[in-house]
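Note sheet for the following structure.
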Amino acid sequence: MPNLTGKVAVVTGSTKGIGLAIAERLVNEGASVVISARTKSDVEEVAGRLGESAFGAACDVADPDACRRLIDVTVARFGRLDVLVNNAGFGIFKSISEMTVEEWRRQIDVNLGGVFYCSKAALPHLSASGDGFIINIGSLAGRNFFAGGTGYNAAKAGLVALSEAMMLDVRYDDVRVSIIMPGSVNTYFAGKEKGSERSWPLEPDDCALAVMQLLDYPKGAHVSRVEMRPSQPKKG
């Protein structure tokens, strides 16, 4: 695992699931981590639980001004920013005939717009760190499309394009951009209950481990896309 002592990271959507697992890994490896989600009380509870290396800042990533404030608060508190993990996301799974315009817009604004807003605000600070990293948590739904995934598939497909184009934009500015695309993960995503024991899906910490592996690569090497699947998915 990388030694992240002295590094500062922001993880959006980090009060539960994949984001929380990533934040925990970062703290355990020495980083100072800003915990972020929409609900202030959840953010403060998780930050308190993770200890002095964690700080909570509520943010709705669909709001570009809130994303800018999130980055500003981070730099004001810690003096720098080295890693941005864009994890916040959600899905509404309906056919296009059933989905409202508001539901469509919310999915695009959170899953795709939020990544753009946070990344744009963070880039000057990440570049100044000399070895900045943006890691976007996408989904295999960004290339494996399914009925009822109109908004979610579109947003996650756009995130693949955004990530890879942004990687080309900033590669000479000392910032690496990667996207991790997991398949089924054992979380509360989309209202599903999280299983108490590991079965066939990936676990949130599997995705967190992928983040740590990306951060462990030397500066001259870059893995721009990671696709993750359960080893033995449920048949049928």
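FYI, it's all coordinate maths here, none of it is from the lab. A quick note: this is a predicted structure, and the numbers were derived from the prediction, not measured. All Cβ positions, even for glycine, are placed from backbone atoms using ideal geometry, and neighbour counts span all protein chains on display.
Select from segment 47-69 the residues that are in a helix (DSSP H, G or I) and buried (at least 22 other Cβ atoms within 10 Å of the Cβ) and list them in ascending order.
Going residue by residue through segment 47-69, those that are in a helix (DSSP H, G or I) are 47-50, 64-69.
Across segment 47-69, the qualifying residues are ALA47, CYS67.
Out of all the residues in segment 161-170, is one or more crowded, with 18+ Cβ neighbours inside 10 Å, farther than 30 Å from VAL101 by Cβ and in contact with a Lys or Arg (Cβ under 6 Å, 6 or more places away or on another chain)?
No; the residues of segment 161-170 include none that is crowded, with 18+ Cβ neighbours inside 10 Å, farther than 30 Å from VAL101 by Cβ and in contact with a Lys or Arg (Cβ under 6 Å, 6 or more places away or on another chain).
Just to be sure before I move on: is GLY151 surrounded by 15 or more Cβ atoms within 10 Å (Cβ to Cβ), touching a strand residue (DSSP E or B) at 6+ places or on another chain (Cβ under 7 Å), touching a residue at least 12 places away in the same chain (Cβ under 8 Å) and farther than 18 Å from VAL85 by Cβ in the structure I sent? Working first, answer last.
Details: surrounded by 15 or more Cβ atoms within 10 Å (Cβ to Cβ): yes; touching a strand residue (DSSP E or B) at 6+ places or on another chain (Cβ under 7 Å): no; touching a residue at least 12 places away in the same chain (Cβ under 8 Å): yes; farther than 18 Å from VAL85 by Cβ: yes.
The answer is no for GLY151.
Got a number for residues in segment 109-160 being among the aromatic types (Phe, Trp, Tyr) and outside any loop (DSSP other than H, G, I, E, B)?
In the first step, residues of segment 109-160 are kept if they are among the aromatic types (Phe, Trp, Tyr); the result is 116-117, 133, 145-146, 152.
If we keep only those that are outside any loop (DSSP other than H, G, I, E, B) too, we end up with 116-117, 133, 152.
Looking only at that region, the number is 4.
Any chance segment 129-139 includes a residue that's closer than 15 Å to ALA62 by Cα, buried (at least 21 other Cβ atoms within 10 Å of the Cβ) and touching a residue at least 60 places away in the same chain (Cβ under 8 Å)?
No, segment 129-139 contains no residue that is closer than 15 Å to ALA62 by Cα, buried (at least 21 other Cβ atoms within 10 Å of the Cβ) and touching a residue at least 60 places away in the same chain (Cβ under 8 Å).
Of the conditions (1) touching a Phe, Trp or Tyr at 6+ places or on another chain (Cβ under 7 Å); (2) surrounded by 20 or more Cβ atoms within 10 Å (Cβ to Cβ), ALA21 fails just one. Which one is it?
Of (1) touching a Phe, Trp or Tyr at 6+ places or on another chain (Cβ under 7 Å); (2) surrounded by 20 or more Cβ atoms within 10 Å (Cβ to Cβ), only one is false for ALA21: (1).
Which of the residues that make up segment 70-98 are surrounded by fewer than 18 Cβ atoms within 10 Å (Cβ to Cβ) and under 16 Å from the mean Cα position of the chain (by Cα)?
Residue satisfying the conditions is PHE90 alone.
Is there any pair with a first residue in segment 87-107 that is within 22 Å of SER36 (Cβ to Cβ) and a second that is surrounded by fewer than 13 Cβ atoms within 10 Å (Cβ to Cβ) whose Cβ atoms are under 6 Å apart and which are 6 or more apart or on different chains, and what are they?
GLY91/ALA190
Of the numbered conditions (1) farther than 19 Å from GLY132 by Cβ; (2) in a strand (DSSP E or B), VAL85 fails exactly one; give the number of that condition.
Evaluating VAL85 over (1) farther than 19 Å from GLY132 by Cβ; (2) in a strand (DSSP E or B) leaves (1) as the failure.
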